[in-house]
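A short write-up of the structure that comes next.
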Amino acid sequence: MPALIKALQVSKQFEKNELFVKNKLVTAVNNISLEIEKGKTIGLIGESGSGKSTFGRMLCGLENVTEGEIYFKENSITNLTLKKMKPYRKNIQMIFQSSSTIFDTFYTIGESLEEILLNNETISKAESNLRINKILEQVGLSKEYRNRYAYQLSGGEKQRVNIARALVINPEFVVCDEPVSSLDFTIRKQILNLLNNLKNNMGLTYLFITHDLSTIQYVCDSVVIMYKGKIVEYMDDISQLGKIAMHPYTSILLQSIPTTNPLNKKICMMEEKQSNLFIKKSVKGCIFADRCPQKEEKCLNKEPDLREVASGHKIACCVY
Ligand SMILES: Nc1ncnc2c1ncn2[C@@H]1O[C@H](COP(=O)(O)OP(=O)(O)OP(=O)(O)O)[C@@H](O)[C@H]1O
């Protein structure tokens, strides 16, 4: 099946001006290729600063790429102007992490949703009303919420409206950027279930960005592990995640899933301490070498390619 959305050798560099250093280049995303099939959810995992949001924004056309190409249904959407991106905008949406800052305080929820609908579709007021009521119902809010302002909503309700904003125009592909990280633990599962139900009912395709491996098992079919702007591991099937993950960085992420057993936590800390004993900065070698507990001499000399080690399983590591 052809990919719904495809990134081909995509990179992004930002210019950063720091004290005494002008125009310093920061590589946020480094030569990433990824295809997402229609109806699939790919989880994109990595620690803070690994380039997840930048990659998600580039797929949505909200950030220009420095190198590479992005295709939606085999049409290049790389670095399109706002005008040329408009026909695709309806099909490519993003749900952001924090729902509190993106609401216009002077608009009711109904007015905000109506504005998005009318900006993207040519429909009558009556049809717009029906669509707004329907999407509110789908995200578990009654139509009375149309008349409320954002400040009158709880965090979980705001995130539901945030999801409604992205989905009211029936997109095909949605980037969910840490959609539950700002919510209480009890509400997280509700929102993850909601995203799953909406995916099944509306035939959506998601890129699900998170730094928390424990959430992806609820929503994702496949998983990509990112480190310093690169993909270090890809697994097509995450049902065996704990058993088949091979990259040392993925292992550390798996161990960092919160545990109720304090003894397990201790193991993680010891491993990190041991790895620090032989830290040696690598310039041309593996990007993870300076933190890797399993590194060998060869890891410092050669940058590993992302290669297939089993069907649907890719890893960038010199040791395996
Ligand atoms: N507009 C920008 N200008 C300069 N640097 C940026 C910009 N946006 C991101 N960066 C840098 O790019 C790198 C990747 O950032 P990004 O937000 O994509 O990471 P992330 O993995 O999504 O992190 P988090 O989980 O904290 O959101 C970071 O070093 C960040 O400082």
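Tabulated results
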| read-out | value |
| --- | --- |
| Gaussian network model of the chain, springs between alpha carbon atoms under 10 Å - residue of Lys302, Lys284, Lys199 with greatest fluctuation | Lys284 |
| Out-of-range pairs (alpha-carbon distance over 26 Å; input Lys12/Lys189; Lys40/Lys243; Lys230/Lys284; Lys16/Lys90) | Lys12/Lys189; Lys16/Lys90 |
| Segment 107-170 - percent of accessible surface contributed by carbon and sulfur, probe 1.4 Å | 45 percent |
| Peptides ranked, highest mean first, by Cβ atoms within 10 Å: ranges 211-218, 156-163 | 156-163, 211-218 |
| Probe 1.4 Å, protein heavy atoms only - accessible area per residue of the chain in square angstrom | 52 Å² |
| Segment 1-139 - Rg and Dmax from Cα coordinates, angstrom | 17.9, 58 |
| Sum of side-chain charges, Leu204 neighbourhood, beta-carbon under 11 Å (Lys, Arg +1; Asp, Glu -1) | +2 |
| Asn170/Glu297 FRET efficiency (R0 56 Å; Cβ-Cβ; nearest 0.05) | 0.55 |
| Span per principal axis, largest first, for the Cα atoms of the chain (Å) | 68, 49, 46 |
| Added length on full extension, which subtracts the Cα-Cα distance from 0.36 nm per residue, Asn196 to Glu74 | 41.3 nm |
| Reachable lysines, given that their alpha-carbon falls under 19 Å from the alpha-carbon of Lys143 and they are not under 8 places away in the same chain | Lys125, Lys134, Lys158 |
| Estimated 222 nm signal from helices in the chain, with DSSP H stretches of n ≥ 4 weighted -39500 (n - 2.57), rounded to 500 | -10000 deg cm²/dmol |
| Cα centre as origin, Lys/Arg/Asp/Glu Cβ charges: segment 50-138 dipole, Debye | 180 debye |
| Rounded to 10°, Cα long-axis angle of helix 109-120 versus longest principal axis of the chain | 80 degrees |
| Relative packing of 55-63, 176-184, 71-79, which averages over residues the other C-beta atoms within 10 Å, highest first | 55-63, 176-184, 71-79 |
| Anchor Lys199: aspartates and glutamates whose Cα lies under 14 Å away (excluding residues fewer than 8 positions away in-chain) | Glu37, Glu172, Asp221 |
| Equivalent ellipsoid, segment 166-233 (semi-axes from 5 times Cα gyration tensor eigenvalues, Å) | 20, 16, 11 |
| Thr108-Tyr149 pseudo-label distance in nm [points 7 Å out on the Cα-to-Cβ vector] | 1.3 nm |
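The values are calculated or read from the model by the stated rules, or taken from the named source; none is laboratory data. It should be emphasised that the depicted structure is a prediction, and the values quoted were computed from it without experimental measurement. A quick note on method: Cβ atoms are made from the backbone with ideal geometry, for glycine too, and the neighbour counts reach across all protein chains shown. Remember, those area values only see protein heavy atoms, side chains included, never the ligands or the DNA or RNA. Shrake-Rupley method; radii C 1.70, N 1.55, O 1.52, S 1.80 Å.
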